[in-house]
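The values are calculated or read from the model by the stated rules, or taken from the named source; none is laboratory data. The model shown is predicted, which means the values in this text are computed figures rather than measured ones. With ideal geometry, Cβ positions are generated from the backbone for all residues, glycine too; neighbour counts draw on all protein chains shown. For the accessible areas, the whole protein counts, side chains as well, though only heavy atoms, and no ligand, DNA or RNA atoms are used. Shrake-Rupley method; radii C 1.70, N 1.55, O 1.52, S 1.80 Å.
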Amino acid sequence: MYFCQRNNTFYSFMKRICFVVDSIFSIGGVQRVTAVIAKDLAKDYDVSIVTFDKSELQDTTLYNLKEASITYRFVSYPRISKINNYICKAYSWWYLKIQPQAKWCSDLYAHSSFPSELQNTLLAELKQGQYDVIIGVHAPLAARLATLKKHLPETKCIGWLHNSYEALFGEKSHYYIGVKRRRHYIYQFRKLDNVVVLCKDDAKRFTTFDDKFVPSVIYNPLTLKQGKSSNGTSKRFLTIGRFTPLHKGIDLLIEACHLFSQRNQEWCLDIVGEGKEENTFRNLIARYHLEDRITIHPFTNNIQEYYSNAQIYVLSSRWEGMPLVLVEAMAHGLPIVTSDLPVSKEIMGDFGMYFENGNIEDLAQKLEEATHIDWQAKSKEALSIAQRFDIKNIIKQWKELIE
């Protein structure tokens, strides 16, 4: 809330906050977290979401968006002229081939990868809202917001990154950004008023690469209303995630379950998720004759039921920004077996049961060890850790950043 004086009378105004997202009306962790943060901020601010979703897909029942007073704006980019498209592609190719160090080369690449027709469309949309704060969600949109920053001098512009530094910029980056674009993205991020990352390890990596770039760290909140706590007697492992190549490491988990099942005849695994890799996973399950031990379930609005009925949660991901499923699982009292990702260790400390990332044999061993833990003690600790990620704690940090 801020005030202005006119004719000796004070008028109060709610600050205008805008989230720019690729999509809000689709299923995904980023969409869910954005919705939760936007809904809570809408209690004290005038909140808008600019999305590239098609307007006919609008469904405010998704993530209970209907509970909040939020304005939705739908943007679609125009086609790029053939000449401009050719010039932009030629420079982009040269930049990635040569990888020049100069900042002005990065600025040119920012324009070649975000042609003027697209810039003008998004800029016009953002200017009409007269926003006090604009938040670009995900690295690519944060970089595009940085390109437009000079045209929005009175607006606080924030980038909100949802993938880990390693996943975005590491030598084995699994996204199109990769190591070749790392310097460029960091140059551009420095134009923003702030950049939010999801863990301290990522902030440290950015600062180590460029000591002039110091991001803020705000964890994602628990976005799920808890169901009943697990009673720890089901002898069921659980993993939840979208079926995308490599990311969630579900292939590793099935392989590990094959090794585990040779020593243990009781425990089962529930996999909840959907995606293009489902047939690959089903074929792997069939190859090891584990159809009676591993079950794949589709996504559901009542995901709490799976947490409540599980005994151990398993995160086999090869990379993560901030795995909300860990917080959700702990909020239901579940102990955790997880790959030794820096963000997992940061969230859970000594609580987690860690295996070497990508090591199937080590994962199988940790599954075996998890069946012999003091479950009640672990469950109590899980519930305590989950409380740190309550929305009230997280939204306070967002408000401090906005103000």
Can you tell me which of (1) touching a residue at least 24 places away in the same chain (Cβ under 8 Å); (2) within 30 Å of His332 (Cβ to Cβ); (3) not in a loop (DSSP other than H, G, I, E, B) is the one Pro221 doesn't meet? (3)
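Determine if region 333-342 includes at least one residue that is part of a helix (DSSP H, G or I) and at pLDDT below 95. Spell out how you get there, then give the answer.
So the first thing to find is which residues in region 333-342 are part of a helix (DSSP H, G or I), and the list is 342.
Of the ones still in play, those that are also at pLDDT below 95 are 342.
Scanning region 333-342, I find at least one residue that is part of a helix (DSSP H, G or I) and at pLDDT below 95, so the answer is yes.
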Every listed condition ((1) of a type outside the set (D, E, K, R); (2) in a loop (DSSP other than H, G, I, E, B); (3) open to solvent by less than 10 Å² (accessible area, probe 1.4 Å)) holds for Val327 save (2)
Which is within 23 Å of Ala102 (Cβ to Cβ), open to solvent by less than 20 Å² (accessible area, probe 1.4 Å), in contact with a helix residue (DSSP H, G or I) (Cβ under 9 Å, 6 or more places away or on another chain) and modelled with pLDDT under 90, of Ile186, Ile177? Ile177
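Quick one: which residue in Lys392, Lys380 is without any contact (Cβ under 8 Å) to a residue 24 or more places away in the chain and open to solvent by 70 Å² or more (accessible area, probe 1.4 Å)?
That would be Lys392, the only listed residue that is without any contact (Cβ under 8 Å) to a residue 24 or more places away in the chain and open to solvent by 70 Å² or more (accessible area, probe 1.4 Å).
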I'm told Asp53 meets every condition in (1) assigned to a loop (DSSP other than H, G, I, E, B); (2) open to solvent by 60 Å² or more (accessible area, probe 1.4 Å); (3) under 26 Å from Thr121 (Cβ atoms) except one. Can you identify the failing condition by its number? (2)
Failed item, numbered, when Ala102 is tested on (1) open to solvent by 20 Å² or more (accessible area, probe 1.4 Å); (2) touching a residue at least 12 places away in the same chain (Cβ under 8 Å): (2)
What are the pairs with Cβ atoms under 7 angstrom where one residue, in region 122-136, is farther than 13 Å from Thr71 by Cβ and the other, located anywhere, is surrounded by 15 or more Cβ atoms within 10 Å (Cβ to Cβ) and of a type in the set (Gly, Ala, Ser)? Sequence gap at least six, or different chains. Gly136/Ala142; Gly136/Gly159
When the residues of region 259-293 are narrowed to those that are under 17 Å from Asp362 (Cβ atoms) and touching a residue at least 60 places away in the same chain (Cβ under 8 Å), which ends up surrounded by the fewest Cβ atoms within 10 Å (Cβ to Cβ)? Arg263
So if I check each of Lys204, Lys248, Lys180, which one is among the charged types (D, E, K, R) and within 23 Å of Asn309 (Cβ to Cβ)? Lys248
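Could you identify the single residue in Leu238, Leu252 that is outside any strand (DSSP E or B), touching a Leu at 6+ places or on another chain (Cβ under 9 Å) and at pLDDT 95 or above? Break it down into steps so the answer makes sense when it comes.
Numbers: Leu238 fails: outside any strand (DSSP E or B).
None of the others qualify; the one that does is Leu252.
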Of all residues in region 235-258 being free of Cβ contacts under 8 Å to residues at least 40 places away in the same chain and closer than 18 Å to Leu324 by Cβ, which is surrounded by the fewest Cβ atoms within 10 Å (Cβ to Cβ)? Thr244
Asp350: under 25 Å from Gly232 (Cβ atoms), in a helix (DSSP H, G or I) and open to solvent by 20 Å² or more (accessible area, probe 1.4 Å), yes or no? yes
Residue pairs qualifying under the 7 Å Cβ cut-off, at least six apart or on distinct chains, with the first in region 1-30 being under 20 Å from Leu123 (Cβ atoms) and the second being modelled with pLDDT of 80 or more and surrounded by fewer than 12 Cβ atoms within 10 Å (Cβ to Cβ), are Arg16/Gln130
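Yes/no matrix, rows are residues, columns are (1) in contact with a Gly (Cβ under 7 Å, 6 or more places away or on another chain); (2) within 30 Å of Glu166 (Cβ to Cβ); (3) not small (Gly, Ala, Ser):
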{"site": "Leu222", "(1), (2), (3)": "no, yes, yes"}
{"site": "Lys228", "(1), (2), (3)": "no, no, yes"}
{"site": "Arg236", "(1), (2), (3)": "no, no, yes"}
{"site": "Leu252", "(1), (2), (3)": "yes, yes, yes"}
{"site": "Ala256", "(1), (2), (3)": "no, yes, no"}
{"site": "Asn264", "(1), (2), (3)": "no, no, yes"}
{"site": "Arg287", "(1), (2), (3)": "no, no, yes"}
{"site": "Arg293", "(1), (2), (3)": "no, no, yes"}
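Name every residue in region 294-308 that is part of a helix (DSSP H, G or I) and open to solvent by 80 Å² or more (accessible area, probe 1.4 Å), in order of residue number. Please lay out each step first, then the result.
Applying the first criterion (part of a helix (DSSP H, G or I)) to region 294-308 yields 304-308.
Selection gives Glu305 alone.
Asp193 - would you say it is closer than 26 Å to Pro221 by Cα, open to solvent by 20 Å² or more (accessible area, probe 1.4 Å) and touching a helix residue (DSSP H, G or I) at 6+ places or on another chain (Cβ under 6 Å)?
Details: closer than 26 Å to Pro221 by Cα: yes; open to solvent by 20 Å² or more (accessible area, probe 1.4 Å): yes; touching a helix residue (DSSP H, G or I) at 6+ places or on another chain (Cβ under 6 Å): no.
Considered against the rule, which asks whether it is closer than 26 Å to Pro221 by Cα, open to solvent by 20 Å² or more (accessible area, probe 1.4 Å) and touching a helix residue (DSSP H, G or I) at 6+ places or on another chain (Cβ under 6 Å), Asp193 comes out as no.
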Looking at the structure I just gave you, is Ala331 of a type in the set (Gly, Ala, Ser) and farther than 27 Å from Asn283 by Cα? yes
Of the residues in region 95-114, how many are under 27 Å from the mean Cα position of the chain (by Cα) and in a helix (DSSP H, G or I)? 7
